[in-house]
Amino acid sequence: FQKHEFFVDMTCEGCSNAVTRVLHRLGGVQFDIDLPNKKVCIDSEYNVDTLLETLKKTGKNASYLGEKSAQ
């Protein structure tokens, strides 16, 4: 699995819940939401385009930050 890091313009708990919802709907992803830093780190086999499209379904501004190397 690739770990990808995305910026999502989340301002509150509701925003992070929206992200959680769309990612659960996509399925087969593990993710961490860092609300203070507006980052979402996703562990999945989907390509970046698919993940970005999914995050944009929240209506938030989202962009790809890059690959996160596994710790």
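The values are calculated or read from the model by the stated rules, or taken from the named source; none is laboratory data. Owing to the predicted nature of the structure, the values given are computational and were not obtained by experimental measurement. Quick reminder, even Gly has a Cβ in these numbers, built from the backbone with ideal geometry, and neighbours come from all protein chains shown. All accessible areas refer to the heavy atoms of the entire protein, side chains included, with ligands and DNA or RNA removed. Shrake-Rupley method; radii C 1.70, N 1.55, O 1.52, S 1.80 Å.
Observations on the structure shown:
- Count - residues of region 43-71 that are aliphatic (A, V, I, L, M) and closer than 19 Å to T11 by Cα: 4
- Entirely in the chain, the strands (runs of 3 or more DSSP E) that have 1 or more residues that are open to solvent by 90 Å² or more (accessible area, probe 1.4 Å): 30-34, 62-67
- Residues in region 28-42 that are modelled with pLDDT under 95 and out of contact with any strand residue (DSSP E or B) (no Cβ under 9 Å at 6 or more places or on another chain): none.
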